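What follows is calculated from the coordinates using simple rules that are stated; it is not laboratory data. The shown structure was predicted, so the numbers you read here are calculated from the model rather than taken from an experiment. Heads up, the Cβs are rebuilt from the backbone with ideal geometry, glycines too, and the neighbour counts pull from every protein chain shown.
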Amino acid sequence: MRFKNVFSIIGPAMIGPSSSHTAGAVRIGRFARQLLGEPPEAARICFYGSFAETYAGHGTDLAVVGGILDYRTDDERIRHSLQIAEDSGIQVHFTTGTAPGIHPNTVRILLSAGERTCDVTGASIGGGTISIRQMNGFEAKCSGELPTLVIEHADRQGVLAGITALFSREDVNIGYINTDRKGRTGEALTVVEADQVIPDSLIGEISGLPHIRRVSFIHLT
Amino acid sequence: MRFRNLRELIEICQTESKTISQIMLEDQAEESGQPESEITAVMTEYYQIMKTAVHKGLTEDITSTSGLTGGDAKRVETYRKNAEPSAGDIACQAMAYALAVSEVNASMGRIVATPTAGSCGIIPGVFVSAQERFGWPDEHLVRGLFCAGAIGYVIANNSFISGAEGGCQAEIGSAIGMAAGAMTELRGGSPEQAVHAVGLALKNTLGLICDPVGGLVEIPCIVRNGFGAVNALAASDMALAGVKSAIPSDEVIDVMLEVGSSMPSRHRETAQGGLAQTPTGRKIMKELRARKK
């Protein structure tokens, strides 16, 4: 079943005009913001496909920036997000691009705050549902539907076992998990989607494991 | 969910002597692990957003973000209050309310996707006007949203609900079917009658293409929401009168899948055919592009 519950039919509550061009775009922007973990100082946003063609008419630019401001899909401030970002001192730059075989509603977002940066590519696949295709150069995928941990770590034996053991000990069920690495024994990124909210204590413990570089908690409520 | 199609849904309703909305609420609670009270609270909040959008669209000066559309809901509402509408006052009211929500959507206002943003006016148009007419409490309409959700769940999983996949029949058509079935239950019709209303409604939108000018959710999406509300009332009336969908509603849903799957890409939300590629449609798109630069 592609649609799993009543709120994927009645819902989401959202700012118009298009569930894929606005609600989905807000969620991709918000994903990037939460991956960065703090308000950005600068945002570079590149639209592809149908997004590149119609982003101005649909307000997809306002939607992505609303997400970067950590707004929910139904936050009425989205209409004024560009102004709000400017007033907050966030530098926003838009471009359009082409890439072979890319989903027609794709956006790539690069955020920076001081030394910290993040890079997210996501597609809005309909009804406000999103599919994250790339994070910080890793081809790690996730939907943002569930509370999610993005863990950057060294690709060493036992890292994943350590992470899953802590989830098990805290009684948090893992719905999906996937890992991508840049090469053997190099850097890796693991995405864990959980069935319930991930407690701060668990995030702290995972951050303290050997070989862990950074842990981001993403929850697109 | 315990049901995959409308026939199974009716069987469960009959076996347990329950309404479609009751089954949807129970199954949602079972599936999500959330108590029914929490689920109902979310749906109640959604209904408030719908009512607010109706009010906003009827009372404020609404212009879409592109500047192409706005004000039609007010025009119809004023006309209905000052003239004798050919479709009658009730149908005209549902139409005005549906236009209102759809215009709020195009102006980047807050709405609930039912099932999509492009078709977000039909269910509020039918529900809010019916609430005023019959004096129903909010709880009754919230139950109706669960009924509409159950119908949409079946359509979405056996066919489609997005214009990009199946054309406008999948968005506006599905919303009309959902509103027609829910209205039938709200009026006291049986689950079987509600499901007949779905089939009757869907038969009237089969083949409808998605051809928005400039790719925007405005022309013809907004007026199709207005028409949709009126058609939902008509389908519900037929079902309550005892008219049956000679082709079972599940089979009509299968036809929507068949028709949508064979629809060319230019008629599935790409703005490369239909009304979008008329001389006027192209001219509007060109003007929008020029303004963007």
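Here are the numbers:
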| read-out | value |
| --- | --- |
| Cα long-axis angle, helix A:49-58 against chain A (0 to 90 degrees, to the nearest 10) | 50 |
| Cubic angstrom per residue, convex hull over Cα atoms of the protein assembly as shown | 154 |
| Amide H contacts under 5 Å for A:GLU41, placed H, 5+ residues apart | A:SER112, A:ALA113, A:GLY114 |
| Chain B - percent relative contact order, Cα under 8 Å, separation 6 or more | 19 |
| Chain A - share of DSSP beta bridges that are antiparallel (%, nearest 5) | 85 |
| Cβ-based net charge around A:GLU193, under 11 Å, with every Lys or Arg adding one and every Asp or Glu removing one | -1 |
| Loop GluC sites (Glu not before Pro), the range B:98-181, which have at most 12 other Cβ atoms in a 10 Å radius of their Cβ (DSSP) | none |
| Helical mean residue ellipticity (222 nm; -39500 (n - 2.57) per DSSP H run of 4+; nearest 500) of chain A | -7500 deg cm²/dmol |
| Normalised alpha carbon radius of gyration of the range A:148-218 [divisor 2.2 N^0.38 Å] | 1.01 |
| Inverse mean reciprocal Cα-Cα distance (Kirkwood Rh) of the range B:181-221, Å | 12.1 |
| J(HN,Hα) series, the range A:146-154, from Karplus relation 6.51 cos²θ - 1.76 cosθ + 1.60, nearest Hz, glycine and proline x | 10, x, 10, 10, 10, 10, 9, 8, 7 |
| Loop-located trypsin sites (Lys or Arg not before Pro) in the range A:105-167, at most 13 other Cβ atoms within 10 Å (DSSP) | A:ARG156 |
| Calculated from backbone phi, Karplus (6.51, -1.76, 1.60) coupling profile of the range A:177-183 in Hz, x at Gly/Pro | 9, 8, 10, 10, 9, 7, x |
| Cα-centre dipole for the range A:13-135 with unit charges at Cβ (Lys and Arg positive, Asp and Glu negative), debye to 20 | 320 |
| Average beta-carbon neighbours from other chains, 10 Å sphere, peptide B:63-71 | 2 |
| The range B:154-293 - charge dipole about Cα centre, Lys and Arg +1 at Cβ, Asp and Glu -1, debye rounded to 20 | 1000 |
| DSSP-loop trypsin sites (Lys or Arg not before Pro) across the range B:213-292, with at most 16 other Cβ within 10 angstrom | B:LYS244 |
| Mean Kyte hydropathy of -1.0 or more with a Cα span along the axis of at least 24 Å, helices from DSSP in chain B | B:36-59, B:89-106, B:138-158, B:221-240 |
| Helix-only CD estimate at 222 nm, as mean residue ellipticity for chain B, using -39500 (n - 2.57) per DSSP H run (n ≥ 4) | -21000 deg cm²/dmol |
| With eigenvalues of the C-alpha gyration tensor scaled by 5 and rooted, chain B, Å | 30, 22, 18 |
| Rg/Rh for the range B:60-140, where both radii come from Cα atoms and Rh is the Kirkwood radius | 0.99 |
| Gyration tensor verdict on the range B:181-266 (Cα atoms; rounded if a/c is under 1.5, prolate if a/b is larger than b/c, oblate otherwise) | oblate |
| Unsatisfied cross-links (Cα-Cα over 27 Å) in the set B:LYS56/B:LYS203; B:LYS18/B:LYS56; A:LYS4/B:LYS203; B:LYS51/B:LYS74; A:LYS4/A:LYS141 | B:LYS56/B:LYS203; B:LYS18/B:LYS56 |
| Across chain B: Cys residues that no other cysteine approaches within a C-beta distance under 4.7 Å | B:CYS13, B:CYS92, B:CYS120, B:CYS147, B:CYS221 |
| Per-residue Cβ neighbour rank within 10 angstrom, fewest leading, A:THR179, A:THR190, A:THR117 | A:THR117, A:THR179, A:THR190 |
| D_trans [Stokes-Einstein, Kirkwood Rh over alpha-carbon pairs] for the range A:13-135, 20 °C, 1.002 mPa s, µm² s⁻¹ | 157 |
| Residues with amide H under 5 Å from that of A:ARG214, placed H, sequence gap 5 or more | A:GLU152 |
| Positive minus negative residues near B:ASP61 (Lys, Arg vs Asp, Glu; Cβ under 11 Å) | 0 |
| Inter-site label distance for A:ASP87 and B:GLU31 at 7 Å from Cα along Cβ, in nm | 4.1 |
| Qualifying lysines (Cα of each under 23 Å from Cα of B:LYS283; at least 8 residues distant if same chain) | B:LYS292, B:LYS293 |
| Averaged over B:100-108, number of beta-carbon atoms from partner chains that fall within 10 Å | 4 |
| P(r) weight above 24 Å for the range B:10-109, C-alpha pairs, percent | 47 |
| Derived scalar couplings ³J(HN,Hα) [the range A:3-8; Karplus, 6.51 cos²θ - 1.76 cosθ + 1.60; whole Hz; x for Gly, Pro] | 10, 9, 7, 5, 7, 7 |
| Using alpha carbons only: equivalent-ellipsoid semi-axes of chain A, gyration tensor based, whole Å | 29, 19, 17 |
| Cα-projected label distance for A:GLU115 with A:GLU170, points at 7 Å along beta-carbon direction, nm | 2.6 |
